[in-house]
Amino acid sequence: MRTLRLQYPLRLLCRVLDVSRSGYYAWQHRRPSKRARVSAPML
């Protein structure tokens with residue numbers, strides 16, 4: 001969805017993907033889960 005944001009309005013993407021705009025923004029600012037942090041490659 002991040003890459004599509006450059007081509008399409010957020011309102012359209014949320015409607016097509018059946019996601020609320022507030023839910024999208026909450027996901028965007030949420031910290032990664034413990035599982036995601038553990039499985040992420042070390043830099």
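Where a number appears in this text, it was derived from the coordinates with a stated rule and is not lab data. What you see is a predicted model; the values in this text were computed from it and never measured. Neighbour counts are summed over all protein chains in view; Cβ atoms, including those assigned to glycine, are modelled from backbone coordinates with ideal geometry.
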Can you tell which of R31, R15, R21, R5 is basic (K, R) and loosely packed, with under 10 Cβ neighbours inside 10 Å? R31
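Being under 13 Å from the mean Cα position of the chain (by Cα) and free of Cβ contacts under 8 Å to residues at least 24 places away in the same chain is true for just one of Y8, Y24. Which residue is that?
Details: Y8 fails: under 13 Å from the mean Cα position of the chain (by Cα).
Selected residue: Y24, the only one of Y8, Y24 that is under 13 Å from the mean Cα position of the chain (by Cα) and free of Cβ contacts under 8 Å to residues at least 24 places away in the same chain.
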